[in-house]
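A short write-up of the structure that comes next.
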Amino acid sequence: MSSQQTKRKITPMHPDTQFYWRPMVADDLNAVSKLALNIHVDFPESDSVLREKLTWFPEGCYTLGQGEMISGYLLSHPWKRHDPPPLNNLLGGLPPRPDIYYIHDLALAYSARGHGMAEQIVDEIVMLARSLKLASVSLVAVGGSDGFWKRQKFRIVSTADLNNKLEPYGAQAYYMERPVL
């Protein structure tokens, strides 16, 4: 990752906010891991899984800064439509011909919620997917988060095959997509 990318911050939507998104770097992974364990109690992922996402596609990994503290993160990458990666498994690489952009995880500490920062990073990811000429962004909404994602213009996609792939994500898991092109 270039030093210019490391220093780039996304300007907050509200100028008075104390939060800002910036590209994730390897030194952030311990804080991201701790945050992930606190937020996703039912869906823990190993440090190696988090690290691999940053390694394979650093352009899609961000941390939410609050002063010197990390209060949120986003992990995302190009992927295959209707094929959400299994939880807590290494990808082993990115597909040579991705056909969708995948948001693996967006997590904010309680103190960071309600400031428009989740919406802001979703907009950034939509622009990234568009720049990669990928027609849609997808994700798996868990734990009742589908309402948030619907407000971000994502829609539930349901097929028998997809529903089988979602079983490890829990009863309230939905595969969702948003067109971007």
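The values are calculated or read from the model by the stated rules, or taken from the named source; none is laboratory data. Remember, predicted model here, so these are calculated numbers, not experimental data. Every residue, glycine as well, gets a Cβ built from its backbone with ideal geometry; the counts of neighbours run over all protein chains shown. In case anyone asks, the SASA skips ligands and DNA or RNA and just uses the protein heavy atoms, side chains included. Shrake-Rupley method; radii C 1.70, N 1.55, O 1.52, S 1.80 Å.
Have a look at 72, 60, 65 and point out the one that is open to solvent by less than 10 Å² (accessible area, probe 1.4 Å), more than 18 Å from residue 168 (Cβ to Cβ), in contact with a His (Cβ under 6 Å, 6 or more places away or on another chain) and modelled with pLDDT of 90 or more.
Matching residue, one of 72, 60, 65: 60.
Give 51, 130, 113 a once-over and let me know the one that is open to solvent by 50 Å² or more (accessible area, probe 1.4 Å), over 22 Å from residue 154 (Cα atoms) and of a type outside the set (A, V, I, L, M, F, W, C).
Exactly one residue qualifies, and that residue is 51.
Contact list please: Cβ distance under 8 Å, first residue in region 87-112 and without any contact (Cβ under 8 Å) to a residue 24 or more places away in the chain, second residue open to solvent by 20 Å² or more (accessible area, probe 1.4 Å) and among the basic types (Lys, Arg), pairs at least six apart or on different chains.
Within 8 Å, the pairs are 95/80.
Report, ordered by the first and then the second residue, all pairs with beta carbons closer than 9 Å, sequence separation of six or more or different chains, a first member in region 132-158 that is touching a residue at least 60 places away in the same chain (Cβ under 8 Å) and closer than 14 Å to residue 174 by Cα, and a second member that is open to solvent by 30 Å² or more (accessible area, probe 1.4 Å) and among the aromatic types (Phe, Trp, Tyr).
Filtered contacts from region 132-158: 142/43; 142/174; 143/43; 157/174.
Select from region 159-181 the residues that are acidic (Asp, Glu) and touching a residue at least 24 places away in the same chain (Cβ under 8 Å) and write down the one among them that is least open to solvent (accessible area, probe 1.4 Å).
177
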